[in-house]
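This report concerns only the one structure given below.
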Amino acid sequence: MRRTHAINVLCLILALSLTACTAASSRDGMVNAPGAGRGSATSTAGIQPSPSPVRLTPFLTSTLRSSRTPQPGNSLSGSPTPFPSLTPTPRTYKVAKGDDMFGIALRHGIPLEVLLTANPTVDPGFLSVGTELKVPASMATPDPAQSTPTPVPVEVSPPDCYPVADGGLWCFLTAANPNEQAVENLSAQILVSGFTDSPIASQTAFPPLNLLAPGSAMPMAAYFPPPVPEHFNAHGQLLTALLLPNDNARYAPASMENPTIEIQDGPFQEGKLARVSGTVRLEEASGPLRLLWVAAVAYDAAGKVVGLRKWDAGSDLPDGEAGALNIPFSMTVYSLGPAIDRVELLVEAQRD
């Protein structure tokens with residue numbers, strides 16, 4: 001009996017020892033298993049978890065790591081998808097009262113030559129209210145096929161300014177094209193000092209035509225509203241001048257036929273006006289015409305520009321059938337200063 005009782009006690013002690021080992025083993029597995037917690041399926045009923053906090057190692061996904069510089073040995077599988085780049089589209093701007101091309105370009109943060117190039121059919125010197133302009137996006141990637149032409153050197157004379165009856169001031173400065181190719185999109189800045197409200201007033205000057213032929217000269221004009229100081233100084237500088245590509249087909253060849261210039265020398269006119277008439281001949285009228293302009297430039301005996309006038313054929317243009325065309329014109333040009341000594345005529349025709 002004693003031996004049997006002793007054996008039973010030993011078996012009970014051995015069973016209790018095996019149970020304690022199993023519980024400890026279960027506790028150790030719950031802490032060290034990755035991702036295991038208090039609700040782990042490996043928990044054993046009746047066994048309390050360890051009171052010490054569990055430390056979890058964060059798992060960095062490729063999305064999180066893609067915003068950091070990869071370290072040696074930490075290669076990433078795959079590459080993150082790049083964000084789509086912004087592609088601003090050109091905008092449309094409707095001309096309001098008092099607008100000019102320089103101010104519109106400045107307001108939209110683009111160079112003046114870019115705005116002029118994007119609107120080759122718009123006369124910058126005669127903007128009409130409501131005219132729609134294409135404004136290129138300043139952030140857009142330039143298209144090689146429509147890249148902005150490189151500005152070219154053009155000789156510009158000092159401005160000649162004349163007060164007018166309304167108290168304002170007209171200023172002219174002449175641009176001469178020394179290049180072997182035609183130049184378009186001319187503009188200049190005229191600065192006048194001596195104003196009471198501002199030390200220097202500035203206006204953008206534009207020519208009457210878009211195109212300046214090789215070896216030719218053409219004035220650019222700007223108007224300063226009143227009141228104008230009695231004593232002032234004027235300075236000018238070229239803003240834009242773009243070389244016309246050789247393959248450009250926007251302009252149609254045009255010339256003068258039998259121009260007539262009559263400078264009025266009566267007792268009241270004193271050579272202050274000239275009547276001009278003639279015919280514009282279009283040798284190649286392939287395609288419909290969009291516009292036809294004639295500019296009359298009046299010079300005094302010293303060779304200074306004293307007057308400028310522009311004739312516009314308007315909507316009465318031929319349909320552009322093949323063959324030569326003769327279109328008559330007439331206008332009167334006035335002098336703002338000394339008497340007129342001579343008048344030069346310039347012509348421009350553009351296709352649609």
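The values are calculated or read from the model by the stated rules, or taken from the named source; none is laboratory data. These numbers come from a predicted model, not from an experiment. For neighbour counting, all protein chains shown are included, and Cβ atoms are generated from backbone atoms with ideal geometry for every residue, glycine included.
Scanning region 214-233 for residues that are more than 17 Å from Val156 (Cβ to Cβ) and either assigned to a loop (DSSP other than H, G, I, E, B) or in contact with a Pro (Cβ under 8 Å, 6 or more places away or on another chain) (or both) yields Pro225, Pro226, Pro227, Val228, Pro229, Glu230, His231, Phe232.
Working only within region 190-219, note down all residues that are polar (S, T, N, Q), within 20 Å of Leu106 (Cβ to Cβ) and out of contact with any Phe, Trp or Tyr (no Cβ under 8 Å at 6 or more places or on another chain).
Selection gives Ser198, Ser202.
Is it the case, given these coordinates, that Gly236 is in the same structural domain as Pro159 (by TED's automatic domain parsing), part of a strand (DSSP E or B) and either modelled with pLDDT of 90 or more or at positive phi (or both)? For Gly236, the condition - in the same structural domain as Pro159 (by TED's automatic domain parsing), part of a strand (DSSP E or B) and either modelled with pLDDT of 90 or more or at positive phi (or both) - is met.
Taking region 95-109 as the range and being touching a strand residue (DSSP E or B) at 6+ places or on another chain (Cβ under 7 Å) and either free of Cβ contacts under 8 Å to residues at least 60 places away in the same chain or small (Gly, Ala, Ser) (or both) as the test, the residues that pass are Val95, Ile104, His108.
Being over 29 Å from the mean Cα position of the chain (by Cα), of a type outside the set (Lys, Arg), more than 20 Å from Ala118 (Cα to Cα) and at pLDDT 90 or above is a description that does not apply to Val192.
Given the criteria among the aromatic types (Phe, Trp, Tyr), within 24 Å of Asp300 (Cα to Cα) and exposed (fewer than 14 other Cβ atoms within 10 Å of the Cβ), does Tyr223 qualify?
yes
Looking across region 239-254, the residues that are within 19 Å of Glu180 (Cβ to Cβ) and not in a loop (DSSP other than H, G, I, E, B) come down to Ala241, Leu242, Leu243, Tyr251.
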